[in-house]
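Remarks on the structure that follows.
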Amino acid sequence: MKLGYSLFSFSENIDLKNVFSDISRMKYDGVEPVLSKEGYLNPSMREGEVLEIKKMANANGLEIPSVGVWSLWDNNPVSNDLSIRKKAEDIIERQLEFASILGADTILVIPGYTNCSFAKNPEKVSYDLAYDRAYELFFKLEKVARKYKVSIGIENVWNKFLLSPLEIKQFLDDINSEYVGAYFDVGNIMYIGDPSDYIEILGGHIKKIHISDYRVEQTGLGAFVDIFAGDVDFLEVIKALKKIGYDDYLTLEMLPNYKRLPELSIYSNKPAMDRLKSMYEKI
């Protein structure tokens, strides 16, 4: 098992050199860059520019196991607007291409949202249409993922869509591809369920894991806290991961991050991440 740090924890415009150095100094194994419209990794970049990010990470002793994306919150993959759905498809295709260049084996995507108040362009999409559109999209993108040998990991987010573990599993079973699976975030699911249940039900569909923590007595994004400061039962999470045979990356996501000196989360949460790895090894 390896430990990673997700750049979802930072803004789109960061000094990669300094951040990679901090992540390396704390002996993480990998880093997760994030595609955005105009940030350090954006769709207009050429292969050589993307390779520079890989070289920078590798020079700091870091792998790039996965690539996230911000832009789908602005371009709903299941939108009622066909042009927006096409743009979302194009973004994911570019993400797959960049992941291949960076040496990542997984991308993180959102499957779409049915009614999301914090999206840039919130819209109400009927649930049945969202399901059909998402299935059509990822069934199509499976061929692109197979071409690049990069898996699509659908993350559980606050999108009012694909809510239960049985529903997610059925969705993935129907697509029936080793290249389309789940990117499971243990903290994101706390507002509606038990992460260990989801892990055991999704089983081999899980491609990657985001580590975050959440206090259920609070609400909103402010309920996300440092690891072990919230209500995620990490012992049960680790037991569930061990049970399904998952031994890939645990990637820390601090979102929202500290308001001041956000880079300190790289340092302050590393002992907790090391403890999770130790727990896994001792079970």
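The values are calculated or read from the model by the stated rules, or taken from the named source; none is laboratory data. Please read these numbers as outputs of a predicted model, since none were measured by experiment. Because the Cβ atoms are built from the backbone with ideal geometry, glycine has one as well, and the counts that use them run over all protein chains shown.
Against the condition hydrophobic (A, V, I, L, M, F, W, C), at pLDDT 95 or above and over 17 Å from V67 (Cα atoms), how does I199 come out, does it pass?
Judged against the criteria, I199 is a match.
Restricting attention to the range 1-41, which residues are over 19 Å from Y258 (Cβ atoms) and surrounded by fewer than 16 Cβ atoms within 10 Å (Cβ to Cβ)?
Selection gives K2, K17, K27, K37, E38.
Please enumerate the residues belonging to the range 30-60 that are outside any helix (DSSP H, G or I), farther than 20 Å from K208 by Cβ and modelled with pLDDT of 95 or more.
Within the range 30-60, Y40, N42, P43, S44, M45, R46, N60 meet the criteria.
Just need a number here: residues in the range 93-108 that are under 13 Å from L72 (Cβ atoms) and either among the polar types (S, T, N, Q) or modelled with pLDDT under 95 (or both).
The total comes to 1.
State the number of residues belonging to the range 87-137 that are in contact with an Asp or Glu (Cβ under 9 Å, 6 or more places away or on another chain), crowded, with 19+ Cβ neighbours inside 10 Å and on the phi > 0 side of the Ramachandran plot.
Going through the range 87-137 one residue at a time, the tally reaches 0.
What is the one condition in (1) surrounded by 23 or more Cβ atoms within 10 Å (Cβ to Cβ); (2) out of contact with any Gly (no Cβ under 9 Å at 6 or more places or on another chain) that L162 does not satisfy?
Status for L162: all satisfied but (2).
Residues that are closer than 25 Å to N159 by Cα and without any contact (Cβ under 8 Å) to a residue 40 or more places away in the chain: does the range 57-71 have at least one?
Scanning the range 57-71 turns up at least one residue that is closer than 25 Å to N159 by Cα and without any contact (Cβ under 8 Å) to a residue 40 or more places away in the chain.
Would you be able to tell me the number of residues in the range 204-222 that are within 18 Å of P262 (Cβ to Cβ), aliphatic (A, V, I, L, M) and modelled with pLDDT of 95 or more?
Of all residues in the range 204-222, those within 18 Å of P262 (Cβ to Cβ) come to 210-213, 221-222.
If we keep only those that are aliphatic (A, V, I, L, M) too, we end up with 211, 221.
Checking the rest, the ones that are also modelled with pLDDT of 95 or more come to 211.
Of the residues in that region, 1 qualify.
Looking only at helices (runs of 4 or more DSSP H) that lie completely in the range 71-178, which have at least 1 residues being touching a Lys or Arg at 6+ places or on another chain (Cβ under 8 Å) and hydrophobic (A, V, I, L, M, F, W, C)?
Filter on the range 71-178 gives 82-102, 127-148.
Filter the range 111-132 for residues that are of a type in the set (S, T, N, Q) and either more than 23 Å from the chain's Cα centre (by Cα) or over 13 Å from D81 (Cβ atoms) (or both); which is modelled with the lowest pLDDT?
Here is the first cut: in the range 111-132, the ones of a type in the set (S, T, N, Q) are 114-115, 117, 121, 126.
Okay, now just the ones that are also either more than 23 Å from the chain's Cα centre (by Cα) or over 13 Å from D81 (Cβ atoms) (or both), so 114-115, 117, 126.
Working: T114: 94, N115: 85, S117: 74, S126: 96.
Per the criteria, the residue is S117.
Would you check which residues across the range 239-267 are among the polar types (S, T, N, Q), more than 20 Å from T106 (Cβ to Cβ) and either modelled with pLDDT of 90 or more or over 20 Å from the mean Cα position of the chain (by Cα) (or both) and list them?
Once the filter is applied, which keeps residues that are among the polar types (S, T, N, Q), more than 20 Å from T106 (Cβ to Cβ) and either modelled with pLDDT of 90 or more or over 20 Å from the mean Cα position of the chain (by Cα) (or both), the range 239-267 yields only S265.
Might you let me know whether the range 227-250 holds any residue that is surrounded by fewer than 21 Cβ atoms within 10 Å (Cβ to Cβ), touching a residue at least 60 places away in the same chain (Cβ under 8 Å) and of a type outside the set (K, R)?
yes
Tell me yes or no: at least one residue of the range 215-231 is in contact with a helix residue (DSSP H, G or I) (Cβ under 7 Å, 6 or more places away or on another chain) and farther than 25 Å from N159 by Cβ.
yes
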